[in-house]
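Q: Pasting a structure here, questions to come.
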Amino acid sequence: MKFYQTFDGNNVPKKTKWLYSIVAIGRDAAYALVSLFLLTFIQYSGILTPASQNIDGGQFAAMFGVISGLVIGYRIFDALNDPFMGVIIEKCHFKSGKYKPWILIGGLSNSLIVLCLFVFPLLTSSLQGWGYVAWFAVFYLLWGITFTMNDIAYWSMLPSLTSDEKQRTSITAIMSIFCSVGQFAVAGLAPIISSSFGYQSSYTWITIIVVCVFALLQVVLFFFVKEHTRDIEEERKHPAPKFKDMFAVMKNNDQVRWMTIILLIYYCASGILNALGINYFYFAVNFSDGGTIMTIFTVVYGLGTILAQFLFPLLSKKFTRAKLFNICIIMTVVGYIVFFVYGLPIGNGIYLGPAPIVNESINILYVIPLALIGVVIFSAQGVFYLMLVMMMANTIEYNEWKFNERKESVIFSLRPLTAKLSSAIQQGVLYLFLIAAGLFGIVNEISNAQQQQAMGLISEEELKVICNTFTSTVDFSGVIIYKLGVAILPMILFVITYVLVKKFYKIDEKTYSKLLDDIKARKVAENSKNTSN
């Protein structure tokens, strides 16, 4: 079997189209496992509180503080590493393809590193406590580097498959659905499984299953997906983009500059609820049932996002972008305010709204309104985000209109850069709110209980009782402080994003149409001039 299989023309083979898209399941599942749950796993699995070490609440907070600092530093490094990886891919030409070797190498090595972060340290106490902090310092850095290899190559392969707009849109839509399947499968199942069966055993099996799917699908892509035929000699005539080009574009193109800032704030806003959400439900409800409610909320998150993807083309035809922004910001603000107020525990088993637990069972009267609130928030966020992506893409034509060069690869590299910078900020926010709400001592006790259950000293039922007892000790002020971070902070950031778009983004539908007409007229004039010469 030839590793380097290619096709010609703009018609992408069906097998390539579908296998390329399906591969997204494993990638996004593995990324979601680490980005959403690694820090939660570290908090509650007992990996920082081995029985051989006498770890108190202060030491636990110190270790988690070091890990948080490493995450922030590495994510900033990872963000800046994206353009470098793009340059490397452009300059390297393997016999087995331009993109597939990087996808395979990055995917397989990243799968092994995910096992190193979740599973291997559980096998020996020497890699727990401060030992895990040192282990984490090495392997979290390697995780970012190897996933970037896979991620940049995978996304760069997409526009190379075809220049036909309809086919590219079709592949992007199919891939987005499989991305959502992978992401929400992990995001939905991990909280309920881990809070029901213990963190160590749950994440061991979740990790093994996810990395096997991830690695297998990268192998499938390498052997069975075709790359588009390319002219290597022609490619080498055009210099690869340089890291400094990114800063030059941001300096000279005011629309790129503002959209980069806007996307950064948006990613911070949309990610904070995910970063802080599971802890909120643990402490506002209880440990075992909070995981189940978080799963329900995550499923709603997925449904709201997919709903936005389906409705966006219809909404774009019916409303102008300005009207859609107005609708989305109203829905988002109202949704977050209601979410902040809804279900707050105010003492003695009294809640603002229905109690989440009645007779030791989850109250459906609590869950249904919560789900409806989630649909409002996440569908509005989904449409909001799709508009921002389109607006960022439109800055390419603005750059061509203003400077006669498109700079697609440079401008597109700014989106993952802002996403990764925002994840660094989110980790800092999580750490600050855990301190402000006074939760680290309780988290340490739950971690100790998880370690005892993993050693067979207590049963799963005893673990649930202990963890629920500790989460019930959080007072009203602690829950209020933490929910300010979950609901009010992202709402404020969304409002800032909206204001910046209204004030500084100039490429509305009419302006964009004029840009295209001017570019087309300029090209016609240049062609006429060249023909006459």
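The values are calculated or read from the model by the stated rules, or taken from the named source; none is laboratory data. Just so you know, these numbers come straight off a predicted model, no measurement behind them. Here the Cβ positions follow ideal geometry from the backbone for every residue, glycine too, while neighbour counts run over all protein chains shown. These area figures cover heavy atoms from the full protein model, side chains too; ligands, DNA and RNA do not enter into them. Shrake-Rupley method; radii C 1.70, N 1.55, O 1.52, S 1.80 Å.
Q: Scan Leu36, Leu48 and give me the residue that is closer than 30 Å to Thr418 by Cβ, buried (at least 17 other Cβ atoms within 10 Å of the Cβ) and in contact with a helix residue (DSSP H, G or I) (Cβ under 9 Å, 6 or more places away or on another chain). Full working, then the answer.
A: Numbers: Leu48 fails: closer than 30 Å to Thr418 by Cβ.
Sole residue among the options that is closer than 30 Å to Thr418 by Cβ, buried (at least 17 other Cβ atoms within 10 Å of the Cβ) and in contact with a helix residue (DSSP H, G or I) (Cβ under 9 Å, 6 or more places away or on another chain): Leu36.
Q: Out of segment 48-84, which residues are over 28 Å from Tyr132 (Cβ atoms) and out of contact with any Phe, Trp or Tyr (no Cβ under 8 Å at 6 or more places or on another chain)?
A: If the condition is that a residue be over 28 Å from Tyr132 (Cβ atoms) and out of contact with any Phe, Trp or Tyr (no Cβ under 8 Å at 6 or more places or on another chain), then no residue fits.
Q: State which residue pairs qualify: first residue closer than 9 Å to Ile25 by Cα and open to solvent by less than 20 Å² (accessible area, probe 1.4 Å) and inside segment 176-187, second residue part of a helix (DSSP H, G or I) and polar (S, T, N, Q) in any location, beta carbons under 7 Å apart, and separation of 6 or more residues or different chains.
A: Going by the 7 Å Cβ cut-off, the qualifying pairs are Ser180/Thr305.
Q: State all residues of segment 9-23 that are touching a helix residue (DSSP H, G or I) at 6+ places or on another chain (Cβ under 6 Å) and surrounded by 22 or more Cβ atoms within 10 Å (Cβ to Cβ); if no residue qualifies, say none.
A: Hit for segment 9-23 is Val23, nothing else.
Q: Of everything in segment 328-346, what is in a helix (DSSP H, G or I) and either surrounded by 15 or more Cβ atoms within 10 Å (Cβ to Cβ) or in contact with a His (Cβ under 9 Å, 6 or more places away or on another chain) (or both)? Give them in sequence order.
A: Cys328, Ile329, Met331, Thr332, Val333, Val334, Gly335, Tyr336, Val338, Phe339, Phe340
Q: Still on this structure: Filter segment 436-456 for residues that are farther than 17 Å from Tyr44 by Cβ and either in a helix (DSSP H, G or I) or charged (D, E, K, R) (or both) and give the result.
A: Ala436
Q: Filter segment 90-119 down to the residues that are modelled with pLDDT of 95 or more and of a type in the set (S, T, N, Q), then identify the one that is nearest to Tyr203 (Cα to Cα).
A: In this case the residue turns out to be Ser111.
Rundown of residues vs (1) open to solvent by less than 40 Å² (accessible area, probe 1.4 Å); (2) more than 23 Å from Ile25 (Cβ to Cβ); (3) in contact with a Pro (Cβ under 6 Å, 6 or more places away or on another chain), yes/no style:
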| position | (1), (2), (3) |
| --- | --- |
| Pro101 | yes, no, no |
| Gly106 | yes, no, no |
| Ile113 | yes, no, no |
| Phe120 | no, yes, no |
| Gly129 | yes, yes, yes |
| Gly144 | yes, no, no |
| Trp155 | no, no, no |
| Thr162 | yes, no, no |
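Q: Can you list residue pairs whose Cβ atoms sit under 6 Å apart, with the first residue in segment 317-335 being over 28 Å from Ser513 (Cα atoms) and the second being aliphatic (A, V, I, L, M)? Count only pairs 6 or more apart in sequence or on different chains.
A: Met331/Val376; Met331/Ala380; Thr332/Ala380; Val333/Met491; Gly335/Ile373; Gly335/Val376; Gly335/Ile377
Q: Between a residue in segment 206-224 that is aliphatic (A, V, I, L, M) and any residue that is outside any helix (DSSP H, G or I), which pairs come within a Cβ distance under 8 Å, given they are 6 or more apart or on different chains?
A: Pairs found: Ile208/Val119; Leu217/Val23; Val220/Val23; Leu221/Val23.
Q: Tell me, yes or no, whether segment 345-363 has at least one residue that is touching a Leu at 6+ places or on another chain (Cβ under 7 Å), modelled with pLDDT of 85 or more, over 24 Å from Ser176 (Cα atoms) and not aliphatic (A, V, I, L, M).
A: Yes, some residue in segment 345-363 is touching a Leu at 6+ places or on another chain (Cβ under 7 Å), modelled with pLDDT of 85 or more, over 24 Å from Ser176 (Cα atoms) and not aliphatic (A, V, I, L, M).
Q: Hey, Leu221 hits all of (1) buried (at least 18 other Cβ atoms within 10 Å of the Cβ); (2) at pLDDT below 85; (3) touching a Phe, Trp or Tyr at 6+ places or on another chain (Cβ under 8 Å) but one; which does it fall short on?
A: In the conditions (1) buried (at least 18 other Cβ atoms within 10 Å of the Cβ); (2) at pLDDT below 85; (3) touching a Phe, Trp or Tyr at 6+ places or on another chain (Cβ under 8 Å), Leu221 misses (2) alone.
Q: Follow-up question, since we're still on this one. If only one of Phe84, Phe94 is surrounded by fewer than 21 Cβ atoms within 10 Å (Cβ to Cβ) and within 17 Å of Leu142 (Cβ to Cβ), which one is it?
A: When all the criteria are applied, what remains is Phe84.
Q: Looking at segment 457-533, what helices (runs of 4 or more DSSP H) fall wholly within it and have at least 1 residues that are open to solvent by 40 Å² or more (accessible area, probe 1.4 Å) and of a type in the set (Gly, Ala, Ser)?
A: Fully inside segment 457-533 and qualifying: 476-483, 509-532.
Q: If I filter segment 507-517 for residues that are closer than 22 Å to Tyr351 by Cβ, in contact (Cβ under 8 Å) with a residue 12 or more places away in the chain and among the hydroxyl-bearing types (Ser, Thr, Tyr), do I get at least one hit? Quick ask: steps written out before the conclusion?
A: Step one: of segment 507-517, the residues closer than 22 Å to Tyr351 by Cβ are none.
No: segment 507-517 contains no residue that is closer than 22 Å to Tyr351 by Cβ, in contact (Cβ under 8 Å) with a residue 12 or more places away in the chain and among the hydroxyl-bearing types (Ser, Thr, Tyr).
Q: From the residues in segment 482-515 that are aliphatic (A, V, I, L, M) and at pLDDT below 90, which one is farthest from Met331 (Cα to Cα)?
A: Once the filter is applied, the top-ranked residue is Leu515.
Q: Is it true that Val429 is in contact with an Asp or Glu (Cβ under 7 Å, 6 or more places away or on another chain), farther than 24 Å from Cys328 by Cα and in a helix (DSSP H, G or I)?
A: no
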